[in-house]
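Nothing in this text is a laboratory measurement; each read-out follows from the coordinates by a stated rule. All values reported here derive from a predicted model rather than from experimental measurement. Here the Cβ is made from the backbone with ideal geometry for all residues, glycine too, and neighbour counts use every protein chain on show.
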Amino acid sequence: MSAKASPMAAAAPNERRDQSVANPAVAHASMANAIRALAMDAVELAKSGHPGMPMGMADVATVVFTRFLKFDPADPAWPDRDRFVLSAGHGSMLIYALLYLTGYEAMTIDQIKRFRQLGSNTAGHPEYGHTPGVETTTGPLGQGLANSVGMAIAEKHLAATFGDEIVNHKTYVIASDGDLMEGISQEAIALAGHLKLNKLIVLFDDNGISIDGALSLADSVDQVKRFEAAGWNACRIDGHDPAAINAALEKAQASDKPALIACKTKIGFGAPTKQGSEKSHGSPLGADEITGARKALGWTSAPFEVPADILKSWRTAGARSRSLHAEWIKRLAALDSTKRNEFERRMNGNVPKQALADAALAVKAKLAAQPKDIATRTACEFALESLIPAVPEMVGGSADLTGSNNTRIKGMKAISANDFSGRFIHYGVREHGMAAAMNGMALHGGIIPYSGTFLVFSDYCRPAIRLAALIGKRVIHVMTHDSIGLGEDGPTHQPVEQLAALRAIPNLLVFRPCDAVETVECWQLALEASDRPSILALTRQNLPQLRNRLDEGNICAQGAYEIAGPDGHSDVSIFATGSEVAIAVDGAKLLAGRGVAARVVSVPCFELFMKQTDEYRRAIVGDARVKIGIEAAVRQGWDAIIGSNGIFIGMNSFGASAPYKELYKKFGITAETVAGAALAKLGKT
Ligand SMILES: Cc1ncc(C[n+]2csc(CCOP(=O)(O)OP(=O)(O)O)c2C)c(N)n1
């Protein structure tokens, strides 16, 4: 057996194709077989991994990387490179082999030999920031595909902003059956089709196999029809025929819609008994099978050895875009310096700190001059009116709750298929797709994406939020209607466990501001947090403004601080977040009436508080005899502040449907409960 080893069809005039492989005598099949050999040998040595997918998609990947992809291994961060996303991240050896073969310095043969070992850059699944050349972390199926939609949106928005002489690239994706079975893929492809993201090209590994066996066990979707229905151009090809792959990619270059190329392939191509079977999906092939595959493929080299002429051809392919890169650098240098500096600032992720600080302070000055008793979601819009002009890389959106989330300020133009210069995205009712697309935008660079939905629907985007935290990217989720305080919509819409669940995600900042002033401070912190995502949990209901004096510094940066209290010692410390801080303040007043000194600590961000010095934390937690935590949510996580002996006033059930003030009474989240509990503990009832 051998691949259809026909050399590539004669090159048509095309800037990408005129510098094709160095040595035409090195056939496509040999180059593809280098990927196959590295994949099966690395998996074998590691005694773990997925050889089938890289072996099956080696032909497709070879054509993409030697003929189409614009990239420069010498500068993996070149802003105008094409993005390549391996959504089927279990096939990680495909990308690792490609990075080695095309000459990324960090991807040595030694690293390939250390596949899946601690400290290597060839981890089990591709990890962004870990391996130069890997554009996004993949593994959870569907996420990479949805990231790529965000990358393609980012490209169009930045091209509209800076001009296509500086921003003009494509996004290529390899996606598997598993990617396309995941629900998130529907959200992603529908959004891509709607926005006519014609520079997005998805190569579907149409191998008809998943872990359980034949795809027919669980799926009978016609993917070509499905993509066409979502507004894509879609076709089917033989994924082992380089001429067909080439022709389909050529056609996709000029597509007016996003393009799907369903590539019929054999998983584990070349393995004598495991090809075409789930047996090659996710375990080492075994010595005999590898010997057989070497024979079938005509690959005579020892493990981890790539013949010099084949490696040379790959390295030449890796250098294909060097001149395009050099021309791009010249074009960038020729830009007006203000524009160039702005482009570089945005791509480097450097938020305009001074402009941001000035804008935040201006909002706080207005609030000090004229306090506002408003919902924090309304305060968010008030803050955004100043922040959005100050931070031009912010691109907002909402999953069809724009009017409720208050994430779109007046005059903010929406992005559309015909005009990507806007700064607001109507994501549709697609929370998961939205969150993953935002990750893609942040990964692309040049944009700080923020979203809007209800806090309870954080569950619908949690996998993408988790990945944003894992990869350390700045995406900001505005999540309103953050408790039973939303009232009549009832328990389906009232988050109870979501704050605790979000706080459990490492590297995520969960902000729950208590008033308009804290809202703007939390926004500033989220925008400054360049290497982590943030959630802003905001209320539907109005809240009193508790901070009326102008603080020049950002008090919320400490995560928790005393917002009210007597001079001197307190018998009671009351800790609260968001809407419950006002209740805590009222509770403290009731206690004062009974001669009990109580202080109130606002805790807008647990994570930032836990990062403070021991000394600061000890001072804020204090040594009052009674510690009370109040949050209209579950207790989980609160013991870190109030201790296991502390009193927690919150929720231990789902909510109910009623006007919100009645709900607070029904669930006992009131100033009276606070005062009563404190007095009982002090033995003063
Ligand atoms: C969200 C998610 N669910 C489950 C898995 C585990 N998993 C890895 S690959 C795979 C399916 C394999 O089928 P396919 O996507 O067609 O890949 P192929 O076998 O063709 O390589 C599954 C279920 C995962 N990685 N992500």
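Summary table below
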item: Proximal lysines to Lys312, defined as alpha-carbon separation beneath 22 angstrom and excluding residues fewer than eight positions away on the same chain; result: Lys4, Lys70, Lys113
item: Modelled FRET efficiency - R0 30 Å, Ala214 with Ala254, Cβ distances, 0.05 increments; result: 0.25
item: Nearest-0.05 FRET efficiency for Thr685 and Asp531, computed from C-beta distance (R0 56 Å); result: 0.70
item: Separation of alpha-carbon centers, the stretch 449-484 and the stretch 29-104, rounded to whole Å; result: 32
item: Taking the stretch 165-309 and dividing mean pair separation by its residue count, relative contact order in percent (alpha carbons under 8 Å, at least six apart); result: 23
item: Vicinal HN-Hα couplings computed from phi for the stretch 671-685 (Karplus, 6.51 cos²θ - 1.76 cosθ + 1.60; Hz; Gly/Pro x); result: 4, 5, 4, 4, 5, x, 5, 5, 5, 4, 5, 7, x, 10, 7
item: Derived scalar couplings ³J(HN,Hα) [the stretch 446-462; Karplus, 6.51 cos²θ - 1.76 cosθ + 1.60; whole Hz; x for Gly, Pro]; result: x, 9, 10, x, 9, 10, x, 6, 7, 4, 4, 8, 4, 4, 6, 10, 4
item: Cα centre as origin, Lys/Arg/Asp/Glu Cβ charges: the stretch 584-677 dipole, Debye; result: 220
item: Linear extension gain, Ala334 paired with Ser657, 0.36 nm per residue minus alpha-carbon span; result: 110.1 nm
item: Inter-part distance where the stretch 301-321 and the stretch 169-238 are each reduced to a Cα centre, Å; result: 31
item: Inter-label distance for Ala365 and Asp551, nm, one decimal - labels placed 7 Å from Cα along Cα-to-Cβ; result: 1.9
item: Cα-based radius of gyration of the stretch 465-507 once divided by 2.2 N^0.38 Å, which approximates compact folds; result: 1.38
item: Ala287 versus Arg315: modelled label distance in nm, points set 7 Å from Cα along the beta carbon direction; result: 3.3
item: The stretch 521-617, dipole about Cα centre (Lys/Arg Cβ +1, Asp/Glu Cβ -1), debye to the nearest 20; result: 340
item: Cα gyration tensor shape of the stretch 177-316, rounded if a/c is under 1.5, else prolate or oblate by comparing a/b with b/c; result: oblate
item: Once the Cα gyration tensor of the stretch 333-378 is diagonalised, semi-axes √(5λ) in Å; result: 34, 11, 8
item: Dimensionless Rg over Rh [the stretch 242-393; C-alpha; Kirkwood]; result: 1.24
item: Across Lys47/Lys473; Lys196/Lys251; Lys339/Lys364, pairs whose alpha-carbon gap is larger than 25 Å; result: Lys47/Lys473; Lys339/Lys364
item: Cα-based reach from Lys295 at 16 Å (exclusive), listing aspartates and glutamates while leaving out same-chain residues under 8 positions away; result: Asp41, Glu305
item: Mean separation of Cα contacts under 8 Å, 6 or more apart, over the residue count of the chain: relative contact order %; result: 12
item: Diffusion constant of the chain at 37 °C, which comes from Stokes-Einstein with the Kirkwood Cα-pair radius and 0.692 mPa s, µm²/s; result: 122
item: Tensor-based shape of the stretch 425-555 (alpha-carbon gyration tensor, a/c under 1.5 rounded, otherwise prolate or oblate); result: oblate
item: Antiparallel content of DSSP bridges confined to the chain, in %, to 5; result: 10
item: Computed FRET value (nearest 0.05) for His130 with Lys410, which takes r as the C-beta separation and R₀ as 51 Å; result: 0.75
item: Range of Cα positions in the stretch 588-660 per principal axis (Å), largest first; result: 43, 34, 21
item: Reference-scaled alpha-carbon Rg (2.2 N^0.38 Å with N residues) for the stretch 87-243; result: 1.12
item: Unsatisfied cross-links (Cα-Cα over 18 Å) in the set Lys627/Lys684; Lys156/Lys199; Lys372/Lys413; Lys353/Lys413; result: Lys372/Lys413; Lys353/Lys413
item: Bins of 10 Å, starting at 0 and running to the largest distance - Cα pair percent for the stretch 131-177; result: 25, 45, 26, 4
item: Theoretical gain in end-to-end length, Met610 to Arg594 [0.36 nm per residue, Cα-Cα removed]; result: 2.5 nm
item: Shape of the stretch 535-668, Cα gyration tensor, a/c cut at 1.5; result: rounded
item: Relative contact order (%) - the stretch 524-661, alpha-carbon pairs under 8 angstrom, separation at least six; result: 23
item: MRE, 222 nm, helices only [DSSP H, n ≥ 4, -39500 (n - 2.57), over the chain, to nearest 500]; result: -12500 deg cm²/dmol
item: Residue among Gln545, Ile647, Leu145 farthest towards the positive dipole end of the chain, charges placed on Cβ; result: Gln545
item: Farthest toward positive dipole pole in the stretch 266-362 [+1 Lys/Arg, -1 Asp/Glu at C-beta], among Leu285, Leu324, Ala296; result: Leu324
item: Total charge dipole magnitude, the stretch 112-230, about the Cα centre, Cβ charges on Lys, Arg, Asp, Glu only, Debye to nearest 20; result: 340
item: Semi-axis lengths (Å, descending) of the ellipsoid that matches the C-alpha gyration tensor of the stretch 329-468; result: 26, 23, 14
